[in-house]
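Report on the following structure.
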Amino acid sequence: MTKKTKFILTTLWIILSRSYDAYCTNQLTPDLSQEANPLVSVLGMTWTPLLIVLSLLTVYSIYAYYTRVFKPMNLVPPEKGYTFNHFVAYLFLGKKEYWTAILYKFPKDIKRFNTYMGHTLIPCLSFAGIVSTLMWLLINYTNFYGPFHNVIAIYSILIGGSILIMFTWNKKMYKQYLEEIAS
């Protein structure tokens, strides 16, 4: 599959799955009184600001993905000797730090930030699209799922899956780094 085809199909999936999620949410709770999204449940957003924020985040994610695919940047450190801990931080920050630095620091280079986000946000959004689409299909078209539906379980799956996706990507990048440094 070409880069362009993969980009188009992935972008379509994200747009369609996010749209389906919004549509089903509107069908179930038009006033958002049962919505679990923290933008609504914690910050109290109504439909208009919610859709604006989610649309802007989706557009940014697609832009970051575009940057990653069509204007790639090498995020890997050029020198050898990085442990996995330091390597993870270097991918994001562009300098040697402990991995925990990615939780509270930002890269100085916006291109690095966009490229990194293109690598990480898109797989996580694609995964979220699968989870939310399956959830809504089960809610709307089965009788057995309703009693089992649980917001904590859904958010645990989303967060756990996203952490696993990011960890797996970091491990893959580290393996490539070790192979390139060894050769």
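The values are calculated or read from the model by the stated rules, or taken from the named source; none is laboratory data. Given the structure is predicted, the values throughout are model-derived calculations rather than measurements. Virtual Cβ from ideal backbone geometry, glycine too; neighbours counted across all protein chains shown.
Would you call residue 15 surrounded by 17 or more Cβ atoms within 10 Å (Cβ to Cβ), at pLDDT 95 or above and assigned to a helix (DSSP H, G or I)? No: the conditions fail for residue 15. Just wondering, is there one or more residues in region 142-155 that are within 14 Å of the chain's Cα centre (by Cα) and either assigned to a helix (DSSP H, G or I) or of a type in the set (A, V, I, L, M) (or both)? Scanning region 142-155 turns up at least one residue that is within 14 Å of the chain's Cα centre (by Cα) and either assigned to a helix (DSSP H, G or I) or of a type in the set (A, V, I, L, M) (or both). Annotation note: of 139, 163, 159, the sole residue that is in contact with a Phe, Trp or Tyr (Cβ under 7 Å, 6 or more places away or on another chain), assigned to a helix (DSSP H, G or I) and surrounded by fewer than 17 Cβ atoms within 10 Å (Cβ to Cβ) is 139.
Residues that are surrounded by 13 or more Cβ atoms within 10 Å (Cβ to Cβ), under 19 Å from residue 69 (Cβ atoms) and among the β-branched types (Val, Ile, Thr) within region 91-125 comprise 115, 120, 122, listed in sequence order. Tell me, which residue of region 102-141 that is of a type in the set (Phe, Trp, Tyr) and under 13 Å from the mean Cα position of the chain (by Cα) is nearest to residue 74 (Cα to Cα)? Within region 102-141, the match that is nearest to residue 74 (Cα to Cα) is 116. Being in contact (Cβ under 8 Å) with a residue 24 or more places away in the chain and of a type outside the set (A, V, I, L, M, F, W, C) is the requirement here; does residue 67 meet it? Yes: the conditions hold for residue 67.
What do you reckon, is residue 111 part of a helix (DSSP H, G or I), closer than 21 Å to residue 80 by Cα and of a type outside the set (S, T, N, Q)? Against the criterion (part of a helix (DSSP H, G or I), closer than 21 Å to residue 80 by Cα and of a type outside the set (S, T, N, Q)), residue 111 does not qualify. Scanning region 94-101 for any residue that is part of a helix (DSSP H, G or I), over 17 Å from the mean Cα position of the chain (by Cα) and not β-branched (Val, Ile, Thr) turns up at least one such residue. Looking only at region 32-78, count how many residues are exposed (fewer than 11 other Cβ atoms within 10 Å of the Cβ) and touching a Lys or Arg at 6+ places or on another chain (Cβ under 9 Å). Counting residues in region 32-78 that are exposed (fewer than 11 other Cβ atoms within 10 Å of the Cβ) and touching a Lys or Arg at 6+ places or on another chain (Cβ under 9 Å) gives 0. You will find that of 153, 182, 128, the residue that is closer than 22 Å to residue 7 by Cα and either among the aliphatic types (A, V, I, L, M) or loosely packed, with under 13 Cβ neighbours inside 10 Å (or both) is 128 and no other. Apart from one condition, residue 136 fits all of (1) within 25 Å of residue 3 (Cβ to Cβ); (2) touching a residue at least 60 places away in the same chain (Cβ under 8 Å); (3) among the aromatic types (Phe, Trp, Tyr); the exception is (1).
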